[in-house]
Every structure is written in C-alpha cells, then in structure tokens.
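One structure below.
The values are calculated or read from the model by the stated rules, or taken from the named source; none is laboratory data. Keep in mind that this is a model prediction, so the values were computed, not measured. So basically every Cβ, Gly included, is an ideal-geometry build from the backbone, and we count neighbours across all protein chains shown. Surface areas here come from the heavy atoms of the whole protein model, side chains and all, with no ligands, DNA or RNA. Shrake-Rupley method; radii C 1.70, N 1.55, O 1.52, S 1.80 Å.
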Amino acid sequence: MTLPAIDPNDDLRFMRRALELAEAAARAGEVPVGAVVVGPDGTVLGEAGNAPIGLSDPSAHAEMLALREAARRVGNYRLPGTTLYVTLEPCPMCAGAIVHARVARLVFAASDPKTGACGSVFDLVRSDRLNHRVTVESGLLEPESARLLRSFFEARR
C-alpha cells in the first residue's frame, strides 16, 4: 500500500480540526476526543467528536463515528490510502476498526497510557499477527490535546 503524499501543513490543519471537534465534544459533556478521516486526495471524508454519552452508545468514540461517516461517503467499509487524525491514541475497539477499514496512516496527538492500542499499552495497528498494518505517527499537537483532556477531567473532580 502506497501512503498518500504527506504535507506537514496538512497534518497540522487536520489535527487542528480534530482538536476543534474535541473541544465541541467537551462542551457537550463528552470526553474531549476528535477525529478526522482524510482521503488520499486530501478531502475530508469523515469527522466527529466523542459522543457515547449523547448517543447512549459505547461504540460512539470519535474515531468510530468518523470512520462510519467516511465509509458511507465512499460507499465501502474499506478506506485504503486514508489518514486518520485523532487527538488521543485510539483504544483497542477503535484500533480494530482502523485495521479492518485498512486505514493507511494514523496520526494521533496524545498517548493514552491506560487504554492506548497504538503503541502505549498495546500495538494492534502494527501487529504482525493481523493482515493489515498502519503507519503511526504520534505527538502532533500533543500539548494542546493533553491540556484539553486534563482541563476536562480536572473540572469533573
């Protein structure tokens, strides 16, 4: 699988959009996570903020919702050549969906030392035991994402 051409300015633009979606999720009382799926041509195919509380759906993580929207838009559950931008390292459920969707590249901001499944606790998206591996980059706008998450949880205590 050939990776899409990568422009660092595009990475920043899409991660900033993911942060906007995370902020909107926080305003709605959700854990502030945002995700954006971008096609090989740079088109946004799907985007979402976390919504499990509002949707009463444990699978309504930002990544899952963004992947669903992208799959609907392209008319296929496979999303080869796409890049997923997310503000927090995906959990095992989301990592599994990323692999099944054949996402080419994952860019996340903050690591999740408790449930991260893309290098922190597990590394499902790069496992040799699975039939697809994802290129992973982390740390893009990590301070902003971490600050948003910290503020959200501090306000809840």
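Net charge in the neighbourhood of Ala70 (other residues with Cβ under 15 Å of its Cβ; Lys, Arg +1, Asp, Glu -1) is +3. At a probe radius of 1.4 angstrom, the accessible area of the chain per residue rounds to 50 square angstrom.
Its DSSP H runs of at least 4 residues, each contributing -39,500 (n - 2.57), put the calculated 222 nm mean residue ellipticity of the chain at -12000 deg cm²/dmol, to the nearest 500. Just how far, in whole angstrom, is segment 141-157 from segment 16-84 if you go by their alpha carbon centroids? A separation of 19 Å, based on Cα centres.
In order along segment 31-40, phi translates into HN-Hα couplings of 4, x, 10, x, 9, 9, 9, 10, x, x Hz, rounded to whole numbers, per the Karplus curve 6.51 cos²θ - 1.76 cosθ + 1.60 with θ = phi - 60° and x for Gly and Pro.
Normalised by the number of residues in segment 1-148, the average gap of Cα pairs under 8 Å and 6 or more apart makes the relative contact order 19 percent. With θ taken as phi - 60° and the Karplus curve 6.51 cos²θ - 1.76 cosθ + 1.60 applied, the whole-hertz 3J(HN,Hα) list for segment 65-82 is 5, 5, 5, 4, 5, 4, 4, 4, 5, 8, x, 7, 6, 8, 10, x, x, 8 Hz, x standing for glycine and proline.
To put it simply, the accessible area of segment 1-132 at a 1.4 Å probe is 54 percent carbon and sulfur.
For segment 60-117, trypsin sites (Lys or Arg not before Pro) are listed when DSSP marks them as loop and at most 16 other Cβ atoms sit within 10 Å of their Cβ; the list is Arg78, Lys114.
Remark on Leu45: its backbone amide H falls under 5 Å from those of Val37, Val38, Gly39, a criterion applied only to residues 5 or more positions apart or on other chains, H modelled at 1.01 Å from N.
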